[in-house]
Amino acid sequence: MTSTFPNISISTERLVLRPFDEDDAPALAEMMNDEQVVAWTSVPHPCTEAHAHEWITRSAPGERTRGRGIVLAVTEFLTQRLVGIVHLKNTDRRIRSSEIAYVIAPWARGEGYASEATLAIAEWLFHDQKFERLELRTAAGNTASQQVAQKIGCISEGVLRNAWIARARTGNGSWTEVRTDVIVWSLLPEDLAGVGEQQADPDGFTSYPDWN
Ligand SMILES: CC(C)(COP(=O)(O)OP(=O)(O)OC[C@H]1O[C@@H](n2cnc3c(N)ncnc32)[C@H](O)[C@@H]1OP(=O)(O)O)[C@@H](O)C(=O)NCCC(=O)NCCS
């Protein structure tokens with residue numbers, strides 16, 4: 001088995017998941033400065049365009065080339081707008097397990113995009129890459145992310161106590177760090193039976209080995 005994921009693009013009914021491009025930096029920075037993203041992720045705050053550029057040109061490609069996972073921009077097929085990010089990380093190729101993290105931009109929430117993107121990458125991971133486990137970790141108070149996990153058929157496995165530091169607004173409007181529990185979820189290939197067919201198009205997977 002090779003030690004890195006291929007450089008891919010995945011098409012769904014409404015989305016294209018593709019490698020980031022330098023032109024995505026302004027929209028990525030805007031998306032990462034959203035309140036919910038600051039609260040529930042470890043993105044630097046404020047996230048400058050320089051941070052976004054560094055992520056696009058170094059950190060994101062490095063995840064793939066170092067064998068840790070893959071980072072894909074989530075874009076709308078019709079408008080080509082950047083609407084999110086999906087990140088496979090902490091990949092263990094021997095166990096054939098990986099962990100997913102996602103963000104959907106505030107201008108594209110409530111459309112089912114997190115579910116559609118996550119299901120598409122899970123289908124690809126299980127069917128194309130023959131993985132056996134996809135893990136998701138949500139901070140205990142992150143209701144939106146837990147709804148996504150439940151909607152796509154993830155099973156909640158338990159609680160990691162004190163395992164994350166979230167951020168919350170203080171009375172004077174600044175951010176403060178808050179230690180929180182984490183819920184661990186997983187999706188296995190058999191959990192996708194029935195769900196995947198409704199949401200993702202397995203024929204839509206497209207490989208662009210010479211993308212860069
Ligand atoms: C979590 C997040 C990715 C959800 O994105 P989204 O595209 O709006 O989610 P979806 O539209 O796919 O929603 C899936 C389900 O969750 C529910 N949901 C979404 N946001 C919700 C919210 N704020 N509160 C309650 N339920 C919510 C939806 O109603 C939907 O269920 P339904 O189809 O039965 O109505 C988005 O809110 C986000 O980027 N948050 C900040 C970053 C973050 O927390 N990332 C996850 C870290 S683990």
In nm, the gap between the two label points placed 7 Å beyond Cα toward Cβ at T4 and T170 is 4.3 nm
Protection proxy ranking, peptides 170-181, 120-131, average beta carbon neighbours within 10 Å, highest first:
120-131, 170-181
Computed over the Cα atoms of the range 109-201, what is the convex hull's projected area averaged over all directions, in nm²?
7.0 nm²
Stokes-Einstein at 10 °C, 1.306 mPa s, Kirkwood radius from Cα pairs: D for the chain in µm² s⁻¹?
91 µm²/s
Trypsin sites (Lys or Arg not before Pro) restricted to the range 79-120 and DSSP loop, no more than 11 other C-beta within 10 Å
R94
Could you compute how fast the range 1-93 diffuses translationally, taking Rh as the Kirkwood radius over C-alpha pairs and applying Stokes-Einstein at 37 °C with viscosity 0.692 mPa s? Give it in µm² per second.
238 µm²/s
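Any read-out appearing in this document is the output of simple, stated calculations on the displayed coordinates, not a laboratory observation. This one's a predicted model, so the numbers in the text were calculated from it and none came from an experiment. Positions of Cβ are generated from backbone atoms using ideal geometry, with glycine treated the same way; all protein chains shown enter the neighbour counts.
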